[in-house]
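Here the structure is laid out as structure tokens; the discussion comes afterwards.
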């Protein structure tokens, strides 16, 4: 989204920043073939280098893949040795399976609360819980109950309630499992 503001030299600066600051993840980075005017080749250049940096520093990735899930998966395979989460996942169940095999979790948020999101709702109802992270993507992607409003992190409990209903499971059990997943992925206490 901010491609025009960056230069290849910023990737060297990112390397130095990662070395100095020791963050818990690299991202959000990825590919977006939905937004017009974003040069796909330039996106690929930055994305590939960010993946290499994540591998070099042994950090998980927070990935963006809009209308680009297959290419993101192919690039992850090519680079290898990576882990992370594809946030605001909108792909298919088969794409999710491929990501799980590569060590990636699926982040789901506001879109899951829309009754017409059949593909996502079906995925969350049956997917292995150990690959699920809950999110809001605030301030973007408002929930169905907050359509037209600014999204807030406080709405995560509504995402949890929707997931619990779809899975027919106890919300507290899902909260414990997804919190464990996040702590494990990001090395949090």
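What follows draws every value from the coordinates through simple rules; no lab data is involved. All values derive from a computational prediction rather than experimental measurement. All Cβ positions, glycine included, derive from the backbone under ideal geometry; neighbour counts span all protein chains shown.
Odds and ends about this structure:
- Residue 79-residue 101 pseudo-label distance in nm [points 7 Å out on the Cα-to-Cβ vector]: 2.0 nm
- 0 to 90° range, to nearest 10: angle between helix 156-167 axis and the chain longest Cα axis: 60 degrees
- Helix 9-21 and the long axis of the chain differ in direction by around 60°, with both axes built from C-alpha atoms.
- Residues residue 173 and residue 11, FRET efficiency given R0 of 35 Å [Cβ-Cβ distance, rounded to 0.05]: 0.25
- Footprinting exposure proxy ranking of 126, 113, 165, fewest other C-beta atoms within 10 angstrom first, gives 126, 165, 113.
- Distance histogram in 5 Å bins (all Cα pairs of the range 47-91, percent per bin): 5, 24, 35, 24, 10, 2
- Residue 114 versus residue 41: modelled label distance in nm, points set 7 Å from Cα along the beta carbon direction: 3.4 nm
- Residues 49, 20 in ascending order of nearby Cβ atoms (within 10 Å, fewest first): 20, 49.
- Taking 114, 155 and counting other C-beta atoms within 10 Å, the order from fewest to most: 114, 155
- Rg then Dmax, both in Å and based on the Cα atoms of the range 96-189: 12.9, 37.
- As computed over the range 1-59, the Cα convex hull volume per residue (Å³): 77 Å³
- Both radii were evaluated on the Cα set of the chain; the Rg over Rh quotient, with Rh as the Kirkwood radius, amounts to 0.96.
- FRET efficiency, residue 32 to residue 186 (Cβ-Cβ, R0 35 Å, nearest 0.05): 0.90
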